[in-house]
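Every read-out reported here was derived from the displayed coordinates using simple, explicitly stated rules and does not represent laboratory data. Because the structure is predicted, anything quoted here is derived from the model rather than measured. Using ideal geometry, Cβ is built from the backbone for each residue, glycine included, and neighbour counts are taken over all protein chains shown.
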Amino acid sequence: KTEVNCDKNESFNNSEFFEIAPLQDQIDLEKQKNLTSKPIEKFPLPDLAFMIVDKNTELEPKMLGEYPEWSFLPSEDLKRTTLEIFSDNKSAKRKCTKNQKIIKISNPKVFIIAAGILKRKGISMLIIDDNLLNL
């Protein structure tokens, strides 16, 4: 066992370290499971949530690809339709425009109950506080 002291005042020899190649045997990289999303049933939803809708109180779903923070996902996932939910009013206000309004959702579990209806409308995911949830 070789120990290296990483004190800032001492130098160490790089030859004591070596790179380990990632294991790729028996891994089908084409059929990887999406590990970034979670099932909505297993996610601890907040007690209160907020959602941005248009002035007529219509849902405003977006494609996942419209969110730059999720751009690393495969292109087929970026074509999925999502709704964004906020756990606090302040975050929702920051993203709300003049043609929109914020509605308060006193029981966010309504999204679990209405998952089938949302799926029929083409909405398959929710975004809440940097979490991607599958309906």
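Taking the criterion of being over 10 Å from Glu84 (Cα atoms), touching a residue at least 24 places away in the same chain (Cβ under 8 Å) and of a type in the set (D, E, K, R), the residues of region 51-69 that qualify are Asp54, Lys55, Glu69. If we keep just the residues of region 106-126 that are of a type in the set (Val, Ile, Thr) and over 16 Å from Lys42 (Cβ atoms), which is farthest from the chain's Cα centre (by Cα)? Among them, the one singled out is Ile117.
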